[in-house]
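The values are calculated or read from the model by the stated rules, or taken from the named source; none is laboratory data. Note that the coordinates shown come from a computational prediction; the quantities given were computed from them, not determined experimentally. Quick reminder, even Gly has a Cβ in these numbers, built from the backbone with ideal geometry, and neighbours come from all protein chains shown. To get the accessible areas, we keep the full protein, side chains included, count just its heavy atoms, and leave off ligands, DNA and RNA. Shrake-Rupley method; radii C 1.70, N 1.55, O 1.52, S 1.80 Å.
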Amino acid sequence: MIWVVLMMAILLPQSLAHPGFFTSIGQMTDLIHNEKDLVTSLKDYIKAEEDKLEQIKKWAEKLDRLTSTATKDPEGFVGHPVNAFKLMKRLNTEWSELENLILKDMSDGFISNLTIQRQYFPNDEDQVGAAKALFRLQDTYNLDTNTISKGNLPGVQHKSFLTAEDCFELGKVAYTEADYYHTELWMEQALRQLEEGELSTVDKVSVLDYLSYAVYQQGDLDKALLLTKKLLELDPEHQRANGNLVYFEYIMSKEKDANKSASGDQSDQKTAPKKKGIAVDYLPERQKYEMLCRGEGIKMTPRRQKRLFCRYHDGNRNPKFILAPAKQEDEWDKPRIIRFHDIISDAEIEIVKDLAKPRLRRATISNPVTGALETVHYRISKSAWLSGYEDPVVSRINMRIQDLTGLDVSTAEELQVANYGVGGQYEPHFDFARKDEPDAFRELGTGNRIATWLFYMSDVSAGGATVFPEVGASVWPKKGTAVFWYNLFASGEGDYSTRHAACPVLVGNKWVSNKWLHERGQEFRRPCTLSELE
């Protein structure tokens, strides 16, 4: 029974998880302006308080001089009729005015502004989402906690640092999510900064409390015991640490006895469980996907590379592009991925973004079983849909896609605009519906997604590539360009090599817009072949 009690005592205080996400740079820039407004309001409040204190100080100095003189000869002082009158006036009127001044609340304007702005503030979900974004970037781009804490990220314009308290809070978020791998990393970083002499509201005892438990949960009992002893050196009366110490020593003695009773070679083997590290992932190509995001992994052979060309494309003698052909570049051969350069102007990009910004909502996916739209942890962005009839620019962009691809856009989906903030991503997925998803696009009545057109509407300082893990292709964002590929073979069968992902944005802001073209209307534009894989 005592060991059940000790096991319960080992648990740290729990807090609720809020799986929210902060997905839009546009939303965060609005918060910057809101905070600037609050700072201005706060400074106004400080100025008002300073003015108030200055008035009170002048009163005190004046009365100090007056009372100093009066107390030297009280009878003589009040014997003067003017002094007597002024004494009555001060005590009856002026001290009341001073009292009212002291009691006057100068914070009304600031509190009122703060109350109005608070409705736009992020909540617990957003804070947790921002922390998870850091963990995601840390894993994807192989960043250590010290690099992140010191702000040494590629492409940064505004260097920022994490305090020991910030690191501690990140560790607590990971702990709440039962992510003991990241709990250990960030608690160790907090401890490291404290030991380097950083002044903080967080103490080493609190950090070691979380850290020792996270290490224990990953199976490193020796380290957990060492950290617990270190904690008790700082706080010998720590109740949970004392309980943990007894429990850890008991477990280790049990393991030692088990080792002694083991025979032959088995007795020489270590029985302590290995560290679990990052939890087993549902994504089979995780390692390849993250390598491609870092610019590593599969590279095209020189022989294949020689087959890729740049060319001018006139849209099969389309009148709009005969005199001013589009610049086209082969990015990959199988599947064939083509990039169009200078295909959307800065002015058009700004109009599309302005149309989309008021409508940006958390991006959803269609549930393959129910068909319902839902948010998922592997797609973290905000998106909006624009119809061609809303603005001439959107209509012109749609026709440009039709002219360059030769595909009918009348059956295509609306132009989807997406904004990926820091950590924003879309993990490996297919754009087309597989055979086990026969109802995916039934409501549209236009068949499967035959092709994808993707505009890059911003440059990205670091990260944010579009990668194809099945073949090892990485396509990097470049403002004003677009990439195009077919999701289906001409036979109508899905091309599984087009499985792709949007890598997390490490530094910067990523704007894209895409057009999904469907089978209906393409019967004579892209005739069906007899071979399934052609």
- Item | Unmatched cysteines, the chain - criterion: no other Cβ of a Cys under 4.7 angstrom | Cys167, Cys310, Cys528
- Note on the structure: Going residue by residue through segment 140-149, the Karplus relation 6.51 cos²θ - 1.76 cosθ + 1.60 with θ = phi - 60° gives ³J(HN,Hα) values, rounded to whole Hz and with x marking Gly or Pro, of 5, 9, 6, 9, 8, 4, 5, 4, 5, 4
- Residues whose built amide H sits under 5 Å from the amide H of Asp495, excluding neighbours closer than 5 in sequence, are Leu488, Phe489
- What ³J(HN,Hα) values, in whole Hz, does the Karplus curve 6.51 cos²θ - 1.76 cosθ + 1.60 give for segment 413-423 when θ = phi - 60°, with x put for Gly and Pro? 6, 4, 5, 9, 9, 10, 10, 9, x, 4, x
- Provide the gained length on full extension for the span Asp333 to Val156, in nm with one decimal, where the gain is 0.36 nm per separating residue minus the Cα-Cα distance. 60.4 nm
- Work out the FRET efficiency for Ala347 and Ser387 from their Cβ-Cβ distance, taking R0 = 25 Å, and round it to the nearest 0.05. 0.80
- Query: What whole number of Å gives the distance from the Cα centroid of segment 171-228 to the Cα centroid of segment 294-362?
  - Reply: 47
- Item | Segment Gln239-Glu414, extension gain: residue separation times 0.36 nm, minus the distance between their alpha carbons | 56.9 nm
- Enter the accessible area of Asp166 (Å², nearest 10), with the probe set to 1.4 Å and all protein chains included. 60
- Note on the structure: Filtered hits (lysines, Cα-Cα < 19 Å from Lys515, offset >= 8 within chain) -> Lys353, Lys357, Lys382, Lys478, Lys479
- Task: Return the long-range amide H neighbours of Ala462 (sequence gap of 5 or more, or a different chain), with a cut-off of under 5 Å between placed amide H atoms.
- Result: Leu506, Val507
- Item | Cβ-Cβ FRET estimate between Ile32 and Glu165, R0 fixed at 25 Å, reported to 0.05 | 0.70
- Query: Sorting Trp516, Trp95 by accessible area (1.4 Å probe), largest first, what list results?
  - Reply: Trp95, Trp516
- Task: Work out, step by step, the length gained on full extension between Gln119 and Lys47: first 0.36 nm times the residue separation, then minus their alpha carbon distance; give nm to one decimal.
- Result: 23.3 nm
- the chain, helix-only ellipticity at 222 nm - DSSP H runs n ≥ 4, -39,500 (n - 2.57), divided by all residues, nearest 500: -14000 deg cm²/dmol
- ³J(HN,Hα) computed for each position of segment 349-354 - Karplus, 6.51 cos²θ - 1.76 cosθ + 1.60, integer Hz, glycine/proline x: 4, 5, 5, 4, 5, 5
- Relative contact order (%) - the chain, alpha-carbon pairs under 8 angstrom, separation at least six: 14
- With the calculation restricted to Cα positions, what are the radius of gyration and Dmax of segment 452-534 in angstrom? 15.0, 47
- What accessible area per residue comes out for the chain, rounded to a whole number of Å², with a 1.4 Å probe? 55
- Taking every C-alpha to C-alpha distance in the chain and binning by 20 Å from 0, the per-bin percentages run 16, 37, 26, 14, 5, 1, 0
- Query: In the structure displayed, which of Lys47/Lys159; Lys288/Lys510; Lys288/Lys435; Lys43/Lys89 lie more than 27 Å apart, Cα to Cα?
  - Reply: Lys47/Lys159; Lys43/Lys89
- Take the solvent-accessible surface of the protein heavy atoms, probe 1.4 Å, and return the percent of it on segment 167-242 that carbon and sulfur atoms account for. 49
- Between Leu66 and Ala84, the two model label points (7 Å from Cα along the beta-carbon direction) sit apart by a distance in nm of 1.8
- Taking H placed 1.01 Å from N in the peptide plane, check which residues at least 5 places from Trp332 or on another chain put their amide H under 5 Å from its amide H. Ile337
